[in-house]
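K.L.:
The structure's right below; bear with me while I get my questions together.
Read-outs throughout are calculated quantities, based only on the coordinates presented, and are distinct from any laboratory measurement. Please read all numbers here as calculations on a predicted model, not as lab measurements. Cβ atoms come from the backbone with ideal geometry, glycine included; neighbour counts cover every protein chain shown.
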Amino acid sequence: MRIRNRMLPTLMVSALAGGQALGQESLVVTVDLPDTETWTLVTDKASGPAYSREWVPAGQNAETAQWLIAQQKIPVDGGLSAVQFLEQLYEDMAGACTSASHDDLDRHRIGDFRGAVGRTMCAQRRNEQFGAFSDQIVFVEDGFAYIVTSEIRIEPMVVAGVISFQTPGAALSFRDRDELSRNLVREGVRVERN
């Protein structure tokens, strides 16, 4: 199965915010959106058990937002693990970006649930005017992948992950948002069985 989407190269998105659950899933994944922003839900789609929700800072839209957070639930091939899912995502990023890179993925556990955490870097999305740093956490259970992504969008880069800032303030702003993004997928996600 190939993975594609506007945000990552398309994952149907599922989401839960503020402790609210959507539908009857085997896992309930809850995202605590950072309180440094006021968030607006800009995508809310469902197709059977798969669904997609995306949030951006208030006043922005999904196409041009500087920060996009999504929670997704998509069907996956039987036997695919969270680590394999992220490895496939890394492969797919190469075709979606002018230059792509990724950090090593880590196995991650929340309670009894085993998942994987990773980061992709895209110099510039093809047919888009931005580059991106995307942090993901993935859990796979009962034929579905549950994905939470926090994507920071920036000016295009020549090489993925190599940023040049115009001012010290721009560098500090990116550093702060980048830290929040990394922490969101590692500390701002809760998982429980339905």
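K.L.:
Of the peptides 56-68, 169-181, how do they stack up when ordered by the mean number of other Cβ atoms within 10 Å, highest first? It would help to have the intermediate numbers written out before the result.
P.N.:
Details: 56-68: 15.8, 169-181: 14.2.
By packing density, highest mean first, the sequence is 56-68, 169-181.
K.L.:
Here is a follow-up. How far is it, in nm, from the label point at Ala46 to the one at Glu63 when both lie 7 Å from their Cα along the line to the Cβ?
P.N.:
2.8
K.L.:
If you don't mind, another one. Averaged over every viewing direction, what's the projected area of the C-alpha convex hull for segment 28-104? Give it in nm², one decimal, please.
P.N.:
7.0
K.L.:
Between (i) 12.6; (ii) 10.2; (iii) 18.9, which matches mean projected area of the Cα convex hull in nm² calculated for the structure shown?
P.N.:
Of the labelled values, this structure produces (ii).
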